[in-house]
Amino acid sequence: MTDTVQSKHFRTLFISDVHLGSKAARTDFLLDFLRYHDADTIFLVGDIIDGWRLKRSWYWPQGCNDVVQKLLRKARKGTRIVYIPGNHDEFLRSFPGTHFGGIEVADRVIHEMADGKKYLVLHGDQFDVVVRNARLLAYLGDWAYDAAIAINVVLAAVRRRLGMPYWSFSAWAKLQVKHAVNFIGEFQRIVAEEARRNHVEGVICGHIHHAVMEDIEGIHYVNTGDWVESCTAIVEHHDGRLELITWGQIAATAEITMLPGPAAAKNMQAA
Ligand SMILES: [Mn+2]
């Protein structure tokens, strides 16, 4: 693509799991994507900054600055940007309702599409404990489910206090290769159930680095994917239609940038 290509304007963009500060972050692809995609509202659906990586060793190349600058510039020009923290950028969770550089921080939001359909937007790590113990919880019932979500919060806080890294869903799921598909299915089902509990038509989340749009028992489950491997985003068109964009593929076809190199293989630990 050249500079003559006009950027496309959408009602909303949803992006998650960029992991700025980890070597795996595809800032080059994301910059390209942001160059060609504008929106009234941009939701950053968690794990945008990888606080855990940065705490271990500071890694912040120019590409990370460029992404941040690009987003702040969009905010200055009138794009509403909402930052929903994930587990890797949970330091922001202490600041719900605050603004920085024109960016709002929220724990979760309910977004109404142009066609009136309502979607719950959250990162998704809230359900890690539930996914890991799904079978046991199904047996124990509702109270155990609520307790597990509470335990997840406490466990994360304890691990943080002890300086332990946050438990990683995708790293864990990939270790258990044979069952990984089941765990992804379990995660999707549980998040869809949360949408049902909130009386909305759909849910948009990230966390498991597995972009998809599908119907799960009447709930529209949408996952934004990531910018460490697949380079995906969800866009809402002006009529409320949602579309999954795989920018890694488009960019490669258009020969804008090089294909993801061996770096992509190192990204397994990121979610
Ligand atoms: Mn995450």
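The values are calculated or read from the model by the stated rules, or taken from the named source; none is laboratory data. What you are looking at is a predicted structure, and each value in this text was computed from that prediction instead of being measured. Ideal geometry is used to build each Cβ from the backbone, glycine not excepted, and the neighbour counts take in all protein chains shown.
Taking first residues from the stretch 111-124 that are under 29 Å from ASP50 (Cα atoms) and touching a residue at least 12 places away in the same chain (Cβ under 8 Å) and partners that are within 16 Å of the ligand (Cβ to nearest atom) and of a type in the set (D, E, K, R), the Cβ contacts under 7 Å between residues at least 6 apart in sequence or on separate chains come to LEU120/ARG108; LEU120/GLU194; VAL121/ARG108; LEU122/ARG108; HIS123/ASP47. For the structure I just gave you, tell me whether ASP17 is charged (D, E, K, R) and part of a loop (DSSP other than H, G, I, E, B). The answer is yes for ASP17.
If I filter the stretch 253-263 for residues that are at pLDDT 75 or above, aliphatic (A, V, I, L, M) and either surrounded by fewer than 22 Cβ atoms within 10 Å (Cβ to Cβ) or farther than 18 Å from PHE43 by Cα (or both), do I get at least one hit? No, the stretch 253-263 contains no residue that is at pLDDT 75 or above, aliphatic (A, V, I, L, M) and either surrounded by fewer than 22 Cβ atoms within 10 Å (Cβ to Cβ) or farther than 18 Å from PHE43 by Cα (or both). Among the residues making up the stretch 49-85, a single one is more than 19 Å from ASP28 (Cβ to Cβ), charged (D, E, K, R) and either touching a His at 6+ places or on another chain (Cβ under 7 Å) or surrounded by 14 or more Cβ atoms within 10 Å (Cβ to Cβ) (or both): ARG80.
Of the residues examined, ASP115 is one that is of a type in the set (Asp, Glu) and either closer than 23 Å to LEU13 by Cβ or at pLDDT below 80 (or both).
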